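Enquirer: Shown below is the structure under consideration.
The values are calculated or read from the model by the stated rules, or taken from the named source; none is laboratory data. All figures in this text were calculated on a predicted structure; none of them were measured in a lab. All Cβ positions, glycine included, derive from the backbone under ideal geometry; neighbour counts span all protein chains shown.
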Amino acid sequence: MLGDLHVQLHDVIAAGEMVGVRGPMRCTQQGEFLGVSPSGNELSWNGLALFRIVDGKITERWFNSDSLSITQQLGLVLPLGS
């Protein structure tokens, strides 16, 4: 479980029904996550999201985050060059 999620938006781009956002995220590992016991360590990564907005409501959402960075910070994958 990941707690106290903080999201910072660096970019917000809109065109027609589509809105895209990009920015860094961080949280504290407060519970087991991907099989790793709670550490209390802060994790940080970057993410992108794209939303379709129709009649003022989000009707579709796509999200991509830097999962490799998260698994490296959890010690599940060694950083490149290690």
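Enquirer: Could you grab me the full set of residues in region 28-63 that are in contact with a Ser or Thr (Cβ under 8 Å, 6 or more places away or on another chain) and within 19 Å of Leu76 (Cβ to Cβ)?
Expert: Once the filter is applied, which keeps residues that are in contact with a Ser or Thr (Cβ under 8 Å, 6 or more places away or on another chain) and within 19 Å of Leu76 (Cβ to Cβ), region 28-63 yields Gln29, Leu34, Gly40, Asn41, Glu42, Leu43, Ser44, Trp45, Asn46, Gly47.
Enquirer: I'd like to know if region 51-66 contains one or more residues that are within 17 Å of Asp4 (Cβ to Cβ) and either surrounded by 14 or more Cβ atoms within 10 Å (Cβ to Cβ) or free of Cβ contacts under 8 Å to residues at least 24 places away in the same chain (or both).
Expert: Looking through region 51-66, none of the residues is within 17 Å of Asp4 (Cβ to Cβ) and either surrounded by 14 or more Cβ atoms within 10 Å (Cβ to Cβ) or free of Cβ contacts under 8 Å to residues at least 24 places away in the same chain (or both).
Enquirer: Name the one entry in Ser39, Ser69, Ser44 that is outside any helix (DSSP H, G or I), surrounded by 14 or more Cβ atoms within 10 Å (Cβ to Cβ) and of a type in the set (Gly, Ala, Ser). Can you show your working first?
Expert: Details: Ser69 fails: outside any helix (DSSP H, G or I); Ser44 fails: surrounded by 14 or more Cβ atoms within 10 Å (Cβ to Cβ).
It is Ser39.
Enquirer: Taking only region 1-17 into account, find how many residues are surrounded by 12 or more Cβ atoms within 10 Å (Cβ to Cβ) and either out of contact with any strand residue (DSSP E or B) (no Cβ under 6 Å at 6 or more places or on another chain) or within 19 Å of Leu76 (Cα to Cα) (or both).
Expert: 1
Enquirer: Something else: Leu74 - would you say it is surrounded by 10 or more Cβ atoms within 10 Å (Cβ to Cβ), within 16 Å of the chain's Cα centre (by Cα) and touching a residue at least 40 places away in the same chain (Cβ under 8 Å)?
Expert: Yes; evaluated as a whole, the condition is true for this residue.
Enquirer: Let me ask you something else. Under 8 Å between Cβ atoms, at least 6 apart or on separate chains: pull out the pairs that start in region 15-34 with a residue that is in a loop (DSSP other than H, G, I, E, B) and end on any residue that is at pLDDT 95 or above.
Expert: Between residues of region 15-34 that are in a loop (DSSP other than H, G, I, E, B) and residues that are at pLDDT 95 or above, the close pairs are Glu17/Arg52; Glu17/Ile53; Glu17/Val54.
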